[in-house]
Amino acid sequence: MEQNERPRGGIDIQKLKKTGAVVLPSLFTIANMGFGFFSIISASERNYVLAAWFVIMSYVMDMLDGRIARLVHGESSFGVEIDSLSDWISFGIAPAYLMYNLVLKDYGFWAYPVAFLYVLCGALRLARFNVKAHLGESSKSYFQGLPIPAAAGILVSFVLAYSLLEAEGSVRNIKLIMNQMPFVYGIAPFIMIALSLLMVSSVPYAAFKQGGFFKPASIKGMLLILSVIFLIAAYPQDALFLFFSLYALSGLFIGLFKAAYSIGKAKADSKP
């Protein structure tokens, strides 16, 4: 049988394999969307902790679908689009609705524009990412602007950490972080505005797509990964809030460092 000849029965094996490679990661993408939808329902029923955990599950599905797509060579334009739609529901609409019900509604009229600004900037962030992906201009080493899953991670991990204040009995927490929760609650609208602006900014954020510092093969990478796993296992709510917050701040520090370096280099070059 020739290589391009179809087997008996009219079944194109190569086409079937290619379809399967596209469908497999899309199943995780749909799961991402489903968890985001369940989060919205839970928030509407005032089950805020469950709503936050549903977004965390969406985060896990979002990490898996991209890795599985690269593993089975199932990247496609369809995958890019459905992934962005899922991310907008799970990391844009769901966290904004959760924060509105838990915090923002106490601010009256101003709750509406703050919540909508977050949803809008999340959509713009995803649209820009898609355009760059289709044009082949996306970078594997850094993101332009704060990724929407990271922005959502800060909001839902805040909800989880804040819920520990009302927990009865002894709970595992990092006291230094827990002591700041009432203050974070008070400035939550401003945090959402800052996250919204960071998503549509040009601030660089590490992508970690090629491992880098997080390569398990390196000793420092292994130590860092083990430390992260230990903290999340010991203090899941507080550790998630800490890590997402540090990541959001890291882009600002990197941007300031690059700006200072560029200014210093320009001054050095201008000297005779």
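Structure data summary
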| quantity | calculated |
| --- | --- |
| Prolate/oblate/rounded call for the range 14-262, Cα gyration tensor, a/c under 1.5 rounded | rounded |
| Total formal charge among the other residues, if their Cβ is under 12 angstrom from that of M61, Lys/Arg +1 and Asp/Glu -1 | -3 |
| Shape category assigned to the range 63-149 from the gyration tensor of Cα positions, a/c cut at 1.5 | prolate |
| Label point distance in nm, A127-S227, each placed 7 Å from Cα along Cα→Cβ | 4.0 nm |
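Laboratory data are not the source of any read-out in this text; all were calculated from the coordinates shown. Bear in mind that the values here come from a model prediction, so they are computed numbers and not experimental data. Every residue, glycine among them, receives a Cβ derived from its backbone with ideal geometry; neighbour counts consider all protein chains shown.
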